[in-house]
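Notes to accompany the following structure.
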Amino acid sequence: MMALQQSIDLALDTNIGGGGLPQAALDEALGLVDQAMKRLAEDDSSGRLPLLHMPRTSDDLASIREAAAFLRDDATDVVFLGTGGSSLGGQTLAQLKDYAVPGAGRFTESPRVHFLDNLDPITFDRILHKLPLSSTKFVSISKSGGTGETLMQTIAVLTALEKAGLRAHPKDVFLGLSEPRKAGARNALRDLLEPEEVRFLEHHTGIGGRYSVLTNVGLLPAAVLGLDIAAIRQGAAEAYEPFRNGAAAKDAPAALGAALNVAAAKSGKGIAVAMAYADRMERFTRWWVQLWAESIGKDGHGTQPVAAIGPVDQHSQLQLYLAGPNDKLFTVLTTGVAGKGPLMDERLAKRAGEPGFGAKRIGDLVAAQGRATADTLARNGRPTRQIHVETLNERAVGELLMHFMLETILAGYALGVDPFDQPAVEEGKILAKQYLAQG
């Protein structure tokens, strides 16, 4: 039984008027996605796309749990070094345990988990001075082993350990996560850490960083936090089940979502907004922004992904969305929060001039706001998709992650782009290293 419920009713012009997407555009996109699904089925049967086999893989879970036990053992803090796809998936799962949740994140249990995904000299310096190095463990993640930001962070940590008199201990406090060495090619992260006898987990060679959340890259942080990593995979398997059963595009939620995005792109909606009504989906929306931007944005194709969180971004963005250019496709993500949270005292609600709040809970208002935002967008002719997950747990997040990866791959295939490369990004990386050397 799928946890994810999706409705595209409020995206179509037949339901919301002229600003919506024409049924003909959706039908054309569904035809393209049907062809893309045939290619996906070939990817599965040939083994060309290992990501498709990941949801039903379980033989690696024991090694992930073992590595997580090593990281947790006697540790007050566990630090994950890695950027982009090496980090955002882990952060998405970690939010189930309050990682980076405003306020609540300050009260997380031991070990505290940190993801240092952005390279900032002030931040990194401050963290190295604040961390209790003798009880902190580190994980350095880079698929290629050559990510400049991760290498600099790792060098800085090794230097800090030496200064703290912990020179003999890198192998006791570090794990590496990178591809196996390739014949005749360098792996800088392995070159850096293997002489210190640091143990490495192998990054899946056939799954790129931004698609790696269901591998040890995403599941290791989840396991450190005590999450059920088998349930994450189970949820992902449920998102893929309609494809295994040979469903038509209109009957497979991820394929229907891909078609909706393709129709929007071809109808001049150049921006895709994902607004989630839950603190614990904030990193999910950021993970999706990278996934969509880096996979679809090439050869002149793609739509601009924008992450938003409700209700707060209603106050900062909704004016533009309702009354600005009608060039966006909206996805409103909600969870089952009605009836949850603190109860509003009726006397105080009256005093505040809001008697309607009396005997209601905070979750009741958030649920009403998510529904109202979708309806208000639709009433203003803004195409809106609704995705609802009743309980935000490991299984549901696994399903959401796989849904959006499948949606992205199929949209890429349907638009005629390769959703797995990122040639434009590599150019900037090479130039940055040249400028650094020129110094």
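The values are calculated or read from the model by the stated rules, or taken from the named source; none is laboratory data. Model, not experiment: these values are computed from the prediction. Here the Cβ positions follow ideal geometry from the backbone for every residue, glycine too, while neighbour counts run over all protein chains shown. The accessibility values were calculated without ligands, DNA or RNA, using every heavy atom of the protein model including side chains. Shrake-Rupley method; radii C 1.70, N 1.55, O 1.52, S 1.80 Å.
Taking the stretch 412-435 as the range and being in contact (Cβ under 8 Å) with a residue 40 or more places away in the chain and open to solvent by 50 Å² or more (accessible area, probe 1.4 Å) as the test, the residues that pass are GLY416, ASP418, PHE420, ASP421, GLN422, PRO423, ALA424, VAL425, LYS429, ALA432, LYS433.
Do you know which residues across the stretch 63-93 are of a type in the set (Phe, Trp, Tyr) and more than 19 Å from the chain's Cα centre (by Cα)?
Taking the stretch 63-93 first, the residues of a type in the set (Phe, Trp, Tyr) are 70, 80.
Within the stretch 63-93, PHE70 is the sole residue that qualifies.
For the stretch 350-406, the set of residues classified as surrounded by 20 or more Cβ atoms within 10 Å (Cβ to Cβ), within 28 Å of LYS269 (Cβ to Cβ) and among the charged types (D, E, K, R) consists of ARG382, ARG385, GLU399, listed by residue number.
The residue of the stretch 110-137 that is nearest to PRO170 (Cα to Cα), among those that are surrounded by 18 or more Cβ atoms within 10 Å (Cβ to Cβ) and in contact with a Ser or Thr (Cβ under 8 Å, 6 or more places away or on another chain), is THR136.
Residues that are out of contact with any helix residue (DSSP H, G or I) (no Cβ under 8 Å at 6 or more places or on another chain) and either at pLDDT 95 or above or surrounded by 19 or more Cβ atoms within 10 Å (Cβ to Cβ) (or both) within the stretch 138-151 comprise just one, GLU149. Listed conditions (1) touching a helix residue (DSSP H, G or I) at 6+ places or on another chain (Cβ under 8 Å); (2) modelled with pLDDT under 95; (3) over 30 Å from GLY218 (Cβ atoms) are all met by LYS298, apart from (3). Scanning the stretch 22-67 for residues that are open to solvent by 70 Å² or more (accessible area, probe 1.4 Å) and outside any helix (DSSP H, G or I), we see that the one that is nearest to ARG395 (Cα to Cα) is SER58.
Selection of strands (runs of 3 or more DSSP E) fully inside the stretch 264-379 by the criterion of at least 1 residues being touching a residue at least 60 places away in the same chain (Cβ under 8 Å) and within 23 Å of GLN6 (Cβ to Cβ) returns 271-276, 328-335. Checking each residue in the stretch 195-250 for being among the β-branched types (Val, Ile, Thr), assigned to a loop (DSSP other than H, G, I, E, B) and in contact with a Leu (Cβ under 8 Å, 6 or more places away or on another chain) picks out VAL198, ILE207.
Limited to the stretch 131-145, what total is found for residues that are within 27 Å of the chain's Cα centre (by Cα) and of a type outside the set (Lys, Arg)?
Filtering the stretch 131-145 down to residues within 27 Å of the chain's Cα centre (by Cα) leaves 131, 136-145.
Okay, now just the ones that are also of a type outside the set (Lys, Arg), so 131, 136, 138-142, 144-145.
Summing the residues that are within 27 Å of the chain's Cα centre (by Cα) and of a type outside the set (Lys, Arg) in the stretch 131-145 gives 9.
Which residue, of GLY324, GLY302, is of a type outside the set (Phe, Trp, Tyr), farther than 18 Å from VAL101 by Cβ and surrounded by fewer than 17 Cβ atoms within 10 Å (Cβ to Cβ)?
Details: GLY302 fails: surrounded by fewer than 17 Cβ atoms within 10 Å (Cβ to Cβ).
Of GLY324, GLY302, the one residue that is of a type outside the set (Phe, Trp, Tyr), farther than 18 Å from VAL101 by Cβ and surrounded by fewer than 17 Cβ atoms within 10 Å (Cβ to Cβ) is GLY324.
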